[in-house]
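Working notes, beginning with the structure itself.
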Protein chains: 2
Amino acid sequence: MTTTPARSLGRMAGLFRALADETRLGILVRLRDGEQCVCDLADALDAGQSRLSFHLKTLKDAGLLRDRRQGRWVYYALDREAVAEALDALEALGGSARGFRLAAARRGD
Amino acid sequence: MTTTPARSLGRMAGLFRALADETRLGILVRLRDGEQCVCDLADALDAGQSRLSFHLKTLKDAGLLRDRRQGRWVYYALDREAVAEALDALEALGGSARGFRLAAARRGD
DNA sequence: AGCATACATCAAGACTTTTTGATATGTCAA
DNA sequence: TTGACATATCAAAAAGTCTTGATGTATGCT
């Protein structure tokens with residue numbers, strides 16, 4: 001365990017770049033509770049087909065999503081390990097961030 | 001406490017966008033252990049003056065940094081609460097991500 | 001085989017971010 | 001008050017990202 005927050009800042013920057021878009025965050029939220037096929041995502045989020053495909057690819061390339069074809073459908077799922085990697089980087093930065101925040105919540109602000 | 005991960009995905013996307021750059025992550029790492037003046041950051045990171053200034057502003061606008069002038073120098077410091085906000089969003093997404101990751105570490109992968 | 005469905009990829013343009021060098025501002029010291 | 005230093009801001013070009021519509025590919029149905 002090192003005191004340096006990230007193996008490679010470049011890799012972390014890539015992860016955060018993938019997270020830096022509202023549509024993509026929306027996708028991740030939808031996938032919180034399990035995999036979904038593209039068609040379901042297309043219904044839920046209000047995104048055209050190629051736009052959605054683009055964002056799914058962006059997330060997948062960043063390692064945040066896995067996909068699996070089943071017949072005509074492609075199912076995407078969160079890769080929780082990648083999320084955890086980003087979490088670790090932030091925690092290394094934040095130091096006592098969570099304690100800080102919980103304290104703030106306790107204070108009521 | 002809601003089950004929805006973020007008050008506003010837009011705000012979260014903004015935070016992540018600020019984190020989505022290697023130079024800026026480098027700045028945040030440098031500030032982990034306390035505030036530093038721009039000149040120290042300029043020495044440490046290998047960034048030209050206006051470039052550094054630009055990234056500091058980007059981080060500040062996102063709420064991740066606070067600044068304070070003292071004489072000729074300007075000191076920047078992490079805003080741990082903003083880091084915590086990003087952390088919360090990720091945790092809401094990741095679900096059992098941390099447990100997952102710790103388990104992976106225990107397994108040795 | 002032929003067609004429909006589900007999705008990916010591509011190409012062009014719009015838009016945003018980043019970098020660079022030049023100039024502006026605020027502060028101190030002589 | 002002038003000059004030097006630390007930093008910010010600006011403007012233009014370069015690079016990157018996102019959206020859109022068109023086309024491509026895989027699969028299953030008939």
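Restricting to the stretch A:21-43, and then to whatever is at the interface with chain B (Cβ under 7 Å from one of its Cβ atoms) and surrounded by 21 or more Cβ atoms within 10 Å (Cβ to Cβ), can you tell me which residue is farthest from residue B:27 (Cα to Cα)? Don't jump to the end; show me each part of the working.
So the first thing to find is which residues in the stretch A:21-43 are at the interface with chain B (Cβ under 7 Å from one of its Cβ atoms), and the list is A:21-22, A:25-26, A:28-29, A:32.
Next, from what is left, pick out any that are surrounded by 21 or more Cβ atoms within 10 Å (Cβ to Cβ): A:25, A:28.
Working: A:25: 25, A:28: 28 Å.
Checking each candidate, the answer is A:28.
Can you pull out every residue in the stretch B:22-59 that is of a type in the set (Gly, Ala, Ser), within 10 Å of DNA strand D (Cβ to nearest atom) and touching a residue at least 40 places away in the same chain (Cβ under 8 Å)? Before the answer, list the steps.
Going through the stretch B:22-59, the residues of a type in the set (Gly, Ala, Ser) turn out to be B:26, B:34, B:42, B:44, B:47-48, B:50, B:53.
Now restrict to residues that are within 10 Å of DNA strand D (Cβ to nearest atom): B:42, B:48, B:50, B:53.
Answer for the stretch B:22-59, where residues must be of a type in the set (Gly, Ala, Ser), within 10 Å of DNA strand D (Cβ to nearest atom) and touching a residue at least 40 places away in the same chain (Cβ under 8 Å): there is none.
Considering only residues of the stretch B:54-71 that are loosely packed, with under 15 Cβ neighbours inside 10 Å and part of a helix (DSSP H, G or I), which is nearest to DNA strand C (Cβ to nearest atom)?
Across the stretch B:54-71, the extreme among qualifying residues is B:54.
Values quoted throughout were computed directly from the atomic coordinates according to the rules given, and no laboratory measurement underlies them. Predicted model, so just to flag it, every value in this text is computed and none were measured. Virtual Cβ from ideal backbone geometry, glycine too; neighbours counted across all protein chains shown.
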